[in-house]
Amino acid sequence: EAASPKRHNSVASFGTITSIGGISSIPEEYANEASPASEKQLHYLQERQFSCFAFLTLPCQLWSFVRSLHREFGGFVPVSVLQYGVNSGAGLSIAGLAQQYLYKDVLGLAGDPALMSNLIIAGKIPWTIKPVMGMMSDAYPLFGFHLTSYMGLAAAAGVLGYICVGSLTLAAAATVPCFILINFSVATPDVMIDASAAKLSKDVPERASDLQSLIWGSVPLGMMATAAVSATLLPAAGPKWTLLVVAVCPLCILVASVLRWLPEERLPPEQRRVDFSVFDKHKHVVTLAACMSAMAIMLAVLQILIESVFVRCLVIFICGAMLATSTYFSLRCITPLLAKTALFLFMINAVQPDLSEGAMQTWLTHAEGGPHFSKRVMAARQGVSAFGLLVGAIFYNKFLTACRYQRIFLLAQLAMVASSLLDLILVSRWNLSIGVPDVAFIMGDDVIANLVGRSFMMPLFVLSAKVCPDNLEATLFAVLMALFNLGTTVSTNFGAALTDLLGIRQGNFDMLPHAVVVRSLCRLLPIPLIFLLVPDLSPQDPIPGGEGSVYDAASTTKLGDIRALSESEHAHPCQPPPSTAT
């Protein structure tokens, strides 16, 4: 019918295509088909329609997509958008930038980037105890709810944290509990909404990928939408007032909890008791989660209290080795492949020192001879970074889904080494010698780094989901992601110790290029782990031999179907994107 000259229901035409009705011309290889309505011609029409109109109709497609989900799942959709788009995407991005300027400008830590890194990472402890929060919510229905009450309690804690850090005069160490509450207000609702998404995915499996696409898409869109806000608010109001304003983000989650938007029924009083079977059923996982939480807290405290950089390095090494060993032996009894994947998730970050939270941020804004980027430029970087994340997700979907994990990780790791060396060009000021301005260089670097990082993360998450055995997906995936976050914690502490070891403090950044070189060399260390711990499979392959379950739509992970985000570009105007399974 699309090729028939008798039907002209077109809504628009562009170039050689009339989008729905007729065709003004079709390439010769398609025009000679025996049937005028052949599948080749229809496929060609859809592809050309995408290239002509997808960009213009994207807002309409997104609105139709969200409305269709809301009709089916009700309040879950707005609370998910509020959590991932507003509280996580917008709130955490603005709060993170304001936190850095609070430490550098208000509390005077610009001369001690190592301490600033340790304080920032200490405030992120809630991200490493997410499995514990999930088990608690499964075991006890607070006020009759397994999810809603925990989400509301965490949101209230976040509002309190923002108000305290924004209104009170606190010492640097005293701000850490406030930022723990702030991160708690994001990490805990994240767990609860994931659990709710799991239940809805089991009830309506054909829409599971759409739910996950909603979650994945909200975060970078929220980050990009608020880049302009933070670029205006932070320079005008300062970091403390900015943090007070951002308190509205967890307040939105608190209101959604009071209104009970999550699809959850309240249990009667006689059923509100602790279910210890949750802990008895998965003793190895519970033990590992408790060990991870205790080690994260101990590591954060010791890194702040211990002054000797050599002792701090020793503590980092011992804690990392203990956690890697306990992770492998705790999960090996479930499946060997799960244990190897968990170890890879932790080690991939832990062996690479992270300089971004302290030394690099301080050099970009405060160092003599540095770029002296303004708050507005630093806020714009967040929007550029979010764009890089979206491009990376689409790049992975288009080009890497059929490649083997080992090849993807190897190429991505080598690209990360090259991206790290771009920082060496910046801190050595070589970019100015070739006529490239600092702003243009750093923005391009951010896009490349985030594109490469997301291309690495997507198959990593797919592998993590697939190695989880049946009926343990939710708990084990939360543990795996907490391990990944804990590896980031070790990486940041490693970077802070390296900064101190090289004497990068009190405005002296002479050794920063050496730190960047060390970081770049350390990024070669995960390459042997790729071949030792990663299976020789592709993201499209099932896990063989019963060593894990193929990821299905009922999993609570936020993997979902990233393909739906990019395939939605091929949908007809004003129609929801297709639902397919990864």
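The values are calculated or read from the model by the stated rules, or taken from the named source; none is laboratory data. Everything numeric in this text was worked out from a predicted model, so none of it was measured. Cβ coordinates were reconstructed from backbone atoms using ideal geometry, including for glycine residues, and neighbour counts include every protein chain displayed. For accessibility, only protein heavy atoms count, side chains too; no ligands or nucleic acids. Shrake-Rupley method; radii C 1.70, N 1.55, O 1.52, S 1.80 Å.
If you put +1 on each Lys and Arg Cβ and -1 on each Asp and Glu Cβ, how big is the dipole of the stretch 359-478 around its Cα centre, in Debye rounded to 20?
220 debye
Skipping prolines and chain starts, which residues have an amide H placed within reach, meaning under 5 Å, of the one on residue 373, given they are 5 or more residues away or on another chain?
Here 365 satisfy the definition.
Expected output is a single nm value to one decimal: the length gained when fully extending between residue 284 and residue 317, i.e. 0.36 nm times separation in residues minus the C-alpha distance. What is it?
9.5 nm
List the GluC sites (Glu not before Pro) in the stretch 220-271 that DSSP assigns to loop (not H, G, I, E or B) and whose Cβ has at most 10 other Cβ atoms within 10 Å. Which are they? Before the final figure, lay out each step's value.
Values: sites: 264, 265, 270; in loops: 264, 265.
Passing sites in the stretch 220-271 are 265.
Quick check: pseudo-label points 7 Å beyond the Cα along Cα→Cβ at residue 326 and residue 308, how many nm apart are they?
About 2.4 nm separates the two model spin labels.
Considering only protein heavy atoms and a 1.4 Å probe, what is the carbon-and-sulfur percentage of the accessible area of the stretch 91-172?
73 percent
Between residue 372 and residue 432, with labels modelled 7 Å along Cα→Cβ, what's the label distance in nm to one decimal, could you check?
1.0 nm
State, to one decimal in nm, how far the label point of residue 532 lies from the label point of residue 272, with both points 7 Å from Cα in the Cβ direction.
Taking the simple label geometry, residue 532 and residue 272 are separated by 5.1 nm.
Highest mean first, what order results for 413-425, 489-501, 73-85 on Cβ atoms within 10 Å?
Order by mean packing, descending: 489-501, 73-85, 413-425.
Hey, any idea what % of the stretch 346-467's accessible area is carbon plus sulfur with a 1.4 Å probe?
67 percent
Any chance you could tell me what percent of the C-alpha pair distances in the stretch 243-397 go past 27 Å?
Roughly 59 percent, rounded to a whole number.
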